[in-house]
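See below for the structure under consideration.
The values are calculated or read from the model by the stated rules, or taken from the named source; none is laboratory data. Since the structure is predicted, the reported quantities are computational estimates derived from the model, not experimental observations. Note: ideal-geometry Cβ built from the backbone for every residue, glycine included; neighbour counts use all protein chains shown. Just so you know, the surface numbers come from the protein's heavy atoms only, side chains and all, with ligands and any DNA or RNA stripped out. Shrake-Rupley method; radii C 1.70, N 1.55, O 1.52, S 1.80 Å.
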Amino acid sequence: MSAPHLPKVAGIDSTVPSPAHTAAPVAPATPPPAPLPGFPGALIQDRLAGWVSDLTTLHELTESLIRTGSLDEALREVLRAGAALVGARRGMVVLEPADGLGPSSTVGLGLAHAELGTIETVPRSATSYGRILEGLPDPADPRDPGAVRDPTAVPGPIAVPDLLGVADLDPRHREVAARLGYAASYALPLATEAAGRLGAAVWLYDEPAEPAERQRHLVGLYGRYATEHLARLLELERARARVATVAEELLPSRLPRVPGVQLAARHRTGPQGGGDWYDALPLPEGALGLAVGSVSGSGPSALAAMGRLRASLRAYAVMEGEDPVAVLSDLELLLRLTEPARSATALFAYSEPKQRKIVLAGAGHTPPLIIGDGRTEFVETSLSAPLGMLACWEAPSVEIAPAPGETVLLYTDGLLRRTGDPIDRAFARLHAAAASVPKADRSDPGAIADHILRTMLPDDLDTAVDGEDVVLLAARFE
């Protein structure tokens, strides 16, 4: 057992820089009178200056936190700010909502992924952050260390100023602390009465140390504010997950297998959940119906409208799929009668894979793209209005004949808008992305769709564009 160490008080590594001056301050003409012996004015001024400094620090840190827009980003900011307040350089935060509904995650500061995994091998009851997550009492709490805390109560922080000096420290914890080189910890619950317990953060010291009372007060205030911000982001994350789940359930669970053609689809739901959709359904005599579309608006109402529109198009395609113009005309009439305040774009293609023949019609939709070894070009479709925009919709159909090995790509305009470029430049980027598909991937429609997504959206979905879904439907003809 290591010899006991006297705990040190960690200093604040403030992230707030001192104000810069462009010129030296002007000295007063007459020096101020010296304070009278025993006069408390100097002490009051020192205290006021300390309070102002603390408030400035908290303001800067909370301003940085409020600018975060995702749970992962906010957790990393909490770790960084907390480390500055308690004077540590390493730490980890565990997001584990007490309601069990998730999501759960672990983020580290100054700790590699393998080191986080090593810490997590220690039994939770032996760690300070684990005791907070499990609702266990602080063993160093003199009030009643053997009692189990009320699970509804807000837990308090747990400080271990000399970890290796604890006589009954778990052997695994002692081994991990020695391997990673930390000797003290300070754990802070991410919990409030309103938000409940969301998780816990722990900061690690290289030597025996603990934050001073002033530091504990500041990080406690910051932790309560951070918990409320995390609670808002958590609800937003859960809402997005629910919307994405509903959207996936409204789309085909699997694509049909039709001789002569290979199919692949990719769907990315936007932050607010848009109404983009795709469909592929087998038709009589070996034919295949392909469709993509987009309903105006976002959120649950757009998803519901998308589900109704897709189901209706399937029915119309079975009845008169050989005439795509008739299919879209019926769909437009239904939309105008049932949802007059909503518009939609759609493209329907009637395909005969054995003859490699496609007849398609579009209503305000982006033109398909043919991708092959010999050509990469957009299909020339006639200009048409979206469904629900005119008193009576009608546009001529177009017939194309893809060569063996060519892929016809249908997509929604979310793929273009998510780039953030003007529409003409986005079309040029799409053409370049399709032309750059590696030759080895051109026999796989899924690989083609993935390559285009990676090339068009290298940083995934642009969060600056709300409510835009992305849909790709690729059909490779043999």
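Observations on the model:
- Qualifying residue in the stretch 243-256 (condition: among the small types (Gly, Ala, Ser) and open to solvent by 10 Å² or more (accessible area, probe 1.4 Å)): yes
- Pairs with Cβ under 6 Å, 6+ apart, first in the stretch 64-75 and touching a residue at least 60 places away in the same chain (Cβ under 8 Å), second outside any helix (DSSP H, G or I): 74/68; 75/93; 75/107
- Any chance residue 215 is polar (S, T, N, Q), modelled with pLDDT of 95 or more and either assigned to a helix (DSSP H, G or I) or open to solvent by 30 Å² or more (accessible area, probe 1.4 Å) (or both): no
- If you go through the stretch 76-100 and keep only what is in contact with a strand residue (DSSP E or B) (Cβ under 8 Å, 6 or more places away or on another chain) and under 13 Å from residue 222 (Cα atoms), you end up with 78, 79, 80, 82, 83, 85, 86.
- Those residues of the stretch 56-75 which are within 14 Å of residue 218 (Cβ to Cβ) and either among the β-branched types (Val, Ile, Thr) or not in a helix (DSSP H, G or I) (or both), in sequence order: 56, 57, 62
- Residue count for the stretch 306-329 under the criterion of being open to solvent by less than 70 Å² (accessible area, probe 1.4 Å) and either under 28 Å from residue 269 (Cβ atoms) or of a type in the set (Gly, Ala, Ser) (or both): the result is 16.
- No other residue among 291, 264 is at pLDDT 90 or above, buried (at least 23 other Cβ atoms within 10 Å of the Cβ) and not hydroxyl-bearing (Ser, Thr, Tyr) apart from 291.
- Residue match in the stretch 457-469 (condition: open to solvent by less than 10 Å² (accessible area, probe 1.4 Å) and modelled with pLDDT of 90 or more): no
- Residues that are crowded, with 18+ Cβ neighbours inside 10 Å and more than 33 Å from the chain's Cα centre (by Cα), drawn from the stretch 337-351: 349, 350, 351
Listed here are the residues, each with its yes/no results for (1) open to solvent by 80 Å² or more (accessible area, probe 1.4 Å); (2) farther than 29 Å from residue 333 by Cβ.
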position	(1), (2)
385	no, no
394	yes, no
402	no, yes
428	no, yes
432	no, yes
447	no, yes
453	no, yes
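The rows are residues; the columns are (1) farther than 14 Å from residue 187 by Cβ; (2) part of a helix (DSSP H, G or I); (3) acidic (Asp, Glu); (4) at pLDDT below 90.
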position: 97; (1), (2), (3), (4): yes, no, no, no
position: 103; (1), (2), (3), (4): yes, no, no, no
position: 111; (1), (2), (3), (4): yes, no, no, no
position: 117; (1), (2), (3), (4): yes, yes, no, no
position: 133; (1), (2), (3), (4): no, yes, no, no
position: 139; (1), (2), (3), (4): no, no, no, yes
position: 147; (1), (2), (3), (4): yes, no, no, yes
position: 151; (1), (2), (3), (4): yes, no, no, yes
position: 159; (1), (2), (3), (4): no, no, no, no
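- Considering residues of the stretch 185-212 that are buried (at least 22 other Cβ atoms within 10 Å of the Cβ) and touching an Asp or Glu at 6+ places or on another chain (Cβ under 7 Å) only, the residue farthest from residue 74 (Cα to Cα): 186
- Test: residue in the stretch 237-254 that is of a type in the set (Val, Ile, Thr), modelled with pLDDT of 90 or more, in contact with a Ser or Thr (Cβ under 8 Å, 6 or more places away or on another chain) and in a helix (DSSP H, G or I): no
- Candidates are the residues of the stretch 165-178 that are in contact (Cβ under 8 Å) with a residue 24 or more places away in the chain and open to solvent by less than 40 Å² (accessible area, probe 1.4 Å); the one that is farthest from the chain's Cα centre (by Cα) is 165.
- Every pair of residues 6+ apart whose Cβ atoms lie under 8 Å, when the first sits in the stretch 332-357 and is at positive phi while the second is open to solvent by 30 Å² or more (accessible area, probe 1.4 Å) and small (Gly, Ala, Ser): 356/401; 356/403
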